[in-house]
Amino acid sequence: MVKTRLSSKKKMRNTLFICFLIMLCLIGRLGMIQFVQGSELSTLAYQQQTLDRKINPKRGTIYDATRKKVLAVSSTVETVTVNPGNIAKEDKEKVAKKLSDLFELDYEKTLKKVTKRSSIETIAKKVEKEKTDDLRVWMEQNKITTGINMDEDTKRYYPYSTFAAQIIGFCGADNQGLDGIEAKYDNELKGKQGSIQRHTDAKGGEIGHEGENYVSAVDGNDLVLTIDFTIQSMVEKYLEEACIDNVCTDGGNIVVMNPQNGDILAMATYPSYNLNQPYEPYTEELKQSWEGMEQADKTKNLQAVWRNKAIADTYEPGSVFKLITSSAALEEGITDTDHEGEFSCNGGIEVAGVRIKCWRYYRPHGSESLRQALMNSCNPVFIGLGQKMGVTQYYSYLRKFKLLEKTGIDLPGEANSIFLAENKAGPVELATISFGQRFEITPIQLVTAISAIANGGSSVKPRVVKQVIHSQTKEVTEIPVQKDETVISKETSEKVLSMMESVVSEGTGKNAKVAGYRIGGKTGTSEDGVNTNKYVTSFCGVAPIDHPQVVVLVTLYNPTGEGGHQGGGVAAPVGGQVFSEILPYLEVLQGNQEEVENIEQVEAPDILGKSIQEAEKIVKESGLEMVIEMETEEIDKENTILKEQIPKAGIIVNKGSKIYVK
């Protein structure tokens, strides 16, 4: 009996001990919840009980330089979501069926979302309002008042599809800029999200009587580019023609820059792609093989066409770089433009035991002045100038022209030049650099350097955006022009420009001549890599010589057509075509009166507001040719009215010139 009593006490003691431990654990857990996890759990409870639907702002509009052309705009669409807990059980299948049919979705997946135990599920994003209006009518007819939400959203649209594609870039599904201006200026363009908040229970049902809390979105700021729609259109047209006619297997690019302020008036890359469908194949050849292509190959092809070759790809500039060597030599007083017989070309020059040939080694240029050497593009002369300056002096000019650093242009993905380090550059390396080979730069670096020559000797930073317009106040903020340190003197600048004019009037760049205008330039041809049998051909031009307003660089990659691969025969004519259109458009006065007197000129007629049929007759009678740029091949010439013409009415042009109309 005593033994039984002791056993009962032991059990009671054990029970009390266990209860004490349980109480201790509970108190510890409560303390953990209250003091350690309290803030986190409070936040989670708020998130569970608060239905927060985001309202996307409209991205800012992107305009061309004239603000007359909209290059990127956001249109209003809607995002459809459901609150499963607010949809009656008997309506769930019916709702899922309507949503899947209307938005072309999988029924089983849609039904799973509609019946899921969650506060909110997204059904469809960026839906056109026509479809959501259809859904609203259906909801009214079926007396479904809760559980389906349609919130305003935005969708990016590019009115001119392929226009300036590599400059403008595109956006992702969440309206975030992924490339080009869209990415570089994403913070300006994207705006600030708004929201709709509503208190719900665990199933998503509405609780309380507070109603919805609406926070409106703030739209993004607008941008005004330096890109001129008309000039960009001209450049894209001639670049495409050049790449097709000369069978440029690796495409090409053209950059047009105002040397006075750094404004990029045009920057075209070929091939281009449709900004509204950036993930789709962009050539007929790719379209045929796209379905069977590996994803890695698709990505590689897309990234290749998205690249802005003018800023992201480096190349050997070839003889165009002789302008830099000439500028440095003149600035240092090593030579002058017209010392007759100062140089002699015998077909090559020996440097540190290595003989480097002139491109015309088989028929040497003989006695030359600096002007004649530039006109003939004679390699030995520029090698000699490099030797006289030496590595240290020469590299100091590379730095002055900012060729050893990025230009800082306001576009993503800019590459830097590839030069041998100064302390590793020997006599042979200096020799090849002096005439533009065995190093690489980007087209934008070269255009920027030549702009310093064109504007009187000052360094200028290239820019693509010139204004930001605030979405709320409409206040305009100017992006400042950055033009600072002197690279060469005005006297040296004028001498180099004079020699460039001789290159176009009598030298290797004569195919870039435009009657009546004073144009200067330099051609270039270089190997694209070592032992690749590929070439890069280029032409850089400046006009008008007496007060340069545009610098044009044409770069064509691996031309394999019948015209060959020399800069003078392939790239210079393209430069001439571009100048022949741009200069009248910019209303640049013709300066070569002798040539003007020898050619017949006419005034561009006013054909705006007239039908195509009437305009064709007027243009033909003026001795000009009309080119119609329409999005459709079927044109009603009798009733289609013209709204744009290039050049404008009243501009003096050469007889036989083209008038472009839209």
Pick from the range 5-41, criterion of a type in the set (Ser, Thr, Tyr) and open to solvent by less than 80 Å² (accessible area, probe 1.4 Å), ranking: modelled with the lowest pLDDT: Ser7
Kindly indicate whether any position in the range 128-136 is assigned to a loop (DSSP other than H, G, I, E, B) and touching a residue at least 40 places away in the same chain (Cβ under 8 Å). yes
Can you report the number of residues in the range 494-512 which are assigned to a helix (DSSP H, G or I), closer than 19 Å to Gly569 by Cβ and open to solvent by 60 Å² or more (accessible area, probe 1.4 Å)? 2
Check the range 300-310 and report whether any residue there is open to solvent by 50 Å² or more (accessible area, probe 1.4 Å), farther than 30 Å from Lys400 by Cα, basic (Lys, Arg) and more than 20 Å from the chain's Cα centre (by Cα). no
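Yes/no per residue for (1) of a type in the set (Gly, Ala, Ser); (2) in contact (Cβ under 8 Å) with a residue 12 or more places away in the chain; (3) more than 18 Å from Leu374 (Cβ to Cβ):
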{"residue": "Thr269", "(1), (2), (3)": "no, yes, yes"}
{"residue": "Tyr279", "(1), (2), (3)": "no, yes, yes"}
{"residue": "Asn301", "(1), (2), (3)": "no, yes, yes"}
{"residue": "Trp306", "(1), (2), (3)": "no, yes, yes"}
{"residue": "Asp338", "(1), (2), (3)": "no, yes, no"}
{"residue": "Glu350", "(1), (2), (3)": "no, no, yes"}
Scan the range 222-256 residue by residue and report those that are touching a residue at least 60 places away in the same chain (Cβ under 8 Å), of a type in the set (A, V, I, L, M) and farther than 17 Å from Leu553 by Cα. Leu223, Val224, Leu225, Val247
From Asn221, Asn187, residue being under 26 Å from His470 (Cβ atoms), out of contact with any strand residue (DSSP E or B) (no Cβ under 8 Å at 6 or more places or on another chain) and modelled with pLDDT of 85 or more: Asn187
Would you check if there is a residue in the range 225-244 being at pLDDT 95 or above and assigned to a strand (DSSP E or B)? yes
Members of the range 629-662 that are open to solvent by less than 40 Å² (accessible area, probe 1.4 Å), modelled with pLDDT of 75 or more and part of a loop (DSSP other than H, G, I, E, B): Thr640, Leu642
In this structure, is Ile349 in contact with a helix residue (DSSP H, G or I) (Cβ under 6 Å, 6 or more places away or on another chain), of a type in the set (Val, Ile, Thr) and open to solvent by 10 Å² or more (accessible area, probe 1.4 Å)? yes
Would you point out the residue of the range 55-91, among those that are among the aliphatic types (A, V, I, L, M) and touching a helix residue (DSSP H, G or I) at 6+ places or on another chain (Cβ under 8 Å), that is surrounded by the most Cβ atoms within 10 Å (Cβ to Cβ)? Ala72
Which of the residues belonging to the range 448-482 are open to solvent by less than 10 Å² (accessible area, probe 1.4 Å) and within 13 Å of Glu414 (Cβ to Cβ)? Pro462, Val464
Filter the range 92-106 down to residues that are buried (at least 16 other Cβ atoms within 10 Å of the Cβ) and of a type outside the set (A, V, I, L, M, F, W, C), then give me how many there are. 3
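Within the range 82-100, can you find the residues that are in a helix (DSSP H, G or I) and touching a residue at least 24 places away in the same chain (Cβ under 8 Å)?
The answer is Pro84, Gly85, Asn86, Asp91, Lys94, Val95, Lys98, Leu99.
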Residues in the range 409-427 that are in a loop (DSSP other than H, G, I, E, B) and either over 15 Å from Ala352 (Cβ atoms) or open to solvent by 40 Å² or more (accessible area, probe 1.4 Å) (or both): how many? 12
Selected residue [basic (Lys, Arg), buried (at least 20 other Cβ atoms within 10 Å of the Cβ) and closer than 30 Å to Leu404 by Cα] from Lys357, Lys322: Lys322
Mind checking whether some residue in the range 392-407 is farther than 21 Å from Thr448 by Cα and either open to solvent by 10 Å² or more (accessible area, probe 1.4 Å) or at pLDDT below 95 (or both)? yes
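Matching residues to (1) at pLDDT 95 or above; (2) out of contact with any Asp or Glu (no Cβ under 8 Å at 6 or more places or on another chain); (3) of a type in the set (Gly, Ala, Ser):
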site: Ala452; (1), (2), (3): yes, yes, yes
site: Lys461; (1), (2), (3): yes, yes, no
site: Val465; (1), (2), (3): yes, no, no
site: Val468; (1), (2), (3): yes, no, no
site: Lys474; (1), (2), (3): no, yes, no
site: Glu485; (1), (2), (3): no, yes, no
site: Ile488; (1), (2), (3): yes, no, no
site: Lys510; (1), (2), (3): no, yes, no
site: Gly521; (1), (2), (3): yes, yes, yes
Regarding the range 251-266, can at least one residue be identified that is open to solvent by 10 Å² or more (accessible area, probe 1.4 Å), modelled with pLDDT under 95 and touching a helix residue (DSSP H, G or I) at 6+ places or on another chain (Cβ under 9 Å)? no
Scope the range 209-225; condition surrounded by 23 or more Cβ atoms within 10 Å (Cβ to Cβ) and in contact with a Pro (Cβ under 9 Å, 6 or more places away or on another chain); matching residues: Gly220
Can you name every residue in the range 362-372 that is buried (at least 24 other Cβ atoms within 10 Å of the Cβ) and free of Cβ contacts under 8 Å to residues at least 40 places away in the same chain? Gln372
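Does the range 282-297 hold any residues that are part of a helix (DSSP H, G or I) and either among the β-branched types (Val, Ile, Thr) or free of Cβ contacts under 8 Å to residues at least 12 places away in the same chain (or both), and which are they?
Matches in the range 282-297: Glu284, Glu285, Lys287, Gln288, Ser289, Gln295, Ala296, Asp297.
The values are calculated or read from the model by the stated rules, or taken from the named source; none is laboratory data. All figures in this text were calculated on a predicted structure; none of them were measured in a lab. Don't worry about glycine lacking a Cβ; one is built from the backbone with ideal geometry, like all the others, and counts go over all protein chains shown. Keep in mind that these areas ignore ligands, DNA and RNA; they rest on the heavy atoms of the full protein, side chains included. Shrake-Rupley method; radii C 1.70, N 1.55, O 1.52, S 1.80 Å.
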